[in-house]
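Novice: To start, I am sharing the structure in question, which I have written as structure tokens.
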Amino acid sequence: MFVKIDQQKAIEAAGVLLRLTKYCEMDRKRLLALLFLSEREAIKQTGRPLIGGRISALPFGPIHSEVYSLIQGAGRNQAEWSRHFENEKYRVRLADSGIGVSSLSRFEIALLNEISAKYDGYGTWDVAEASHTSE
């Protein structure tokens, strides 16, 4: 099943996850892994994706390929992504703390918070490894 990515929800979901960190930034691999784990859990619980889009299987775990393109500075709607986020080497930083959550449901926000809390204290590569399991 393929559902077109909802880029506004992707932006808001990334914003929620980044706001939960001490400096509103994290390694891009961790962000991509947490988005994937949240997506997988949303499908498991509701039968529907959180943000949709194409998932690519990479050696270090599956990722949302369109979100990865946005992080790299490419992709459709790049201007909107860049308005809210900055890249510094392999890290993504929240540049605009005013990102709303109007596209996300309360359930989706709670799910993002739950997944982030579950992997708090895990290293980036441990979170990436968790995306390989079928929990």
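Novice: Taking segment 40-70 as the search range and keeping residues that are outside any loop (DSSP other than H, G, I, E, B) and charged (D, E, K, R), which one is surrounded by the most Cβ atoms within 10 Å (Cβ to Cβ)?
Specialist: Selected residue: 66.
Novice: Can you tell me how many residues in segment 78-118 are of a type outside the set (Asp, Glu), within 16 Å of residue 27 (Cβ to Cβ) and over 15 Å from the mean Cα position of the chain (by Cα)?
Specialist: Qualifying residue count for the region: 1.
Novice: Something else: Do you know which residues across segment 1-29 are over 16 Å from residue 111 (Cα atoms) and of a type in the set (Lys, Arg)?
Specialist: Once the filter is applied, which keeps residues that are over 16 Å from residue 111 (Cα atoms) and of a type in the set (Lys, Arg), segment 1-29 yields 4, 22, 28, 29.
Novice: If you don't mind, there's one more thing I want to ask. Considering only residues that are open to solvent by less than 40 Å² (accessible area, probe 1.4 Å) and modelled with pLDDT under 90, look in segment 78-89 and name the one that is nearest to residue 12 (Cα to Cα).
Specialist: 81
Novice: Same structure, new question: Is it the case, given these coordinates, that residue 75 is in contact with a Phe, Trp or Tyr (Cβ under 8 Å, 6 or more places away or on another chain), open to solvent by less than 60 Å² (accessible area, probe 1.4 Å) and within 17 Å of residue 27 (Cα to Cα)?
Specialist: No.
Novice: Residue 121: outside any helix (DSSP H, G or I), more than 23 Å from residue 6 (Cα to Cα) and either touching a strand residue (DSSP E or B) at 6+ places or on another chain (Cβ under 9 Å) or not aromatic (Phe, Trp, Tyr) (or both), yes or no?
Specialist: yes
The values are calculated or read from the model by the stated rules, or taken from the named source; none is laboratory data. Computed from a predicted structure; not experimentally measured. All Cβ positions, glycine included, derive from the backbone under ideal geometry; neighbour counts span all protein chains shown. Ligands, DNA and RNA are excluded from the accessible area calculation, which covers all protein heavy atoms including side chains. Shrake-Rupley method; radii C 1.70, N 1.55, O 1.52, S 1.80 Å.
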